[in-house]
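The structure appears right after this line, and notes come after that.
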Amino acid sequence: MGILKEIIHESAIGNKPVIYKAFVISVFISIVLISFTMLTAILRNPQQVITGFGY
């Protein structure tokens, strides 16, 4: 937990209010969780994923 506090303190949100920090961290965590969920869904059902490259 100390490492996380140090990273936050040294980042751009280090001197912002606690509410702002909590909001930024919650948005970051939600993005990571959604990405992990999407990766899990793709790895579980690779046959149903249609990938098209081109124009």
For Ile3, which of the numbered conditions (1) aliphatic (A, V, I, L, M); (2) exposed (fewer than 10 other Cβ atoms within 10 Å of the Cβ); (3) outside any helix (DSSP H, G or I) fails to hold? (3)
Is it true that Lys16 is charged (D, E, K, R) and either in contact (Cβ under 8 Å) with a residue 12 or more places away in the chain or in a helix (DSSP H, G or I) (or both)? no
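If you take the residues in the range 33-50 that are exposed (fewer than 10 other Cβ atoms within 10 Å of the Cβ) and of a type outside the set (Lys, Arg), which one is nearest to Leu4 (Cα to Cα)? Step through it out loud before you land on a result.
The first filter runs over the range 33-50 and keeps only residues exposed (fewer than 10 other Cβ atoms within 10 Å of the Cβ), leaving 43-50.
From what is left, the residues that are of a type outside the set (Lys, Arg) are 43, 45-50.
On the way: Leu43: 30, Asn45: 35, Pro46: 35, Gln47: 39, Gln48: 38, Val49: 36, Ile50: 38 Å.
The qualifying residue nearest to Leu4 (Cα to Cα) is Leu43.
The numbers here are math on the coordinates, done by the rules we state, and not lab data. Source: prediction; values computed, not measured. Methodologically, a virtual Cβ is constructed for each residue, glycine included, from the backbone with ideal geometry; neighbour enumeration extends over all protein chains shown.
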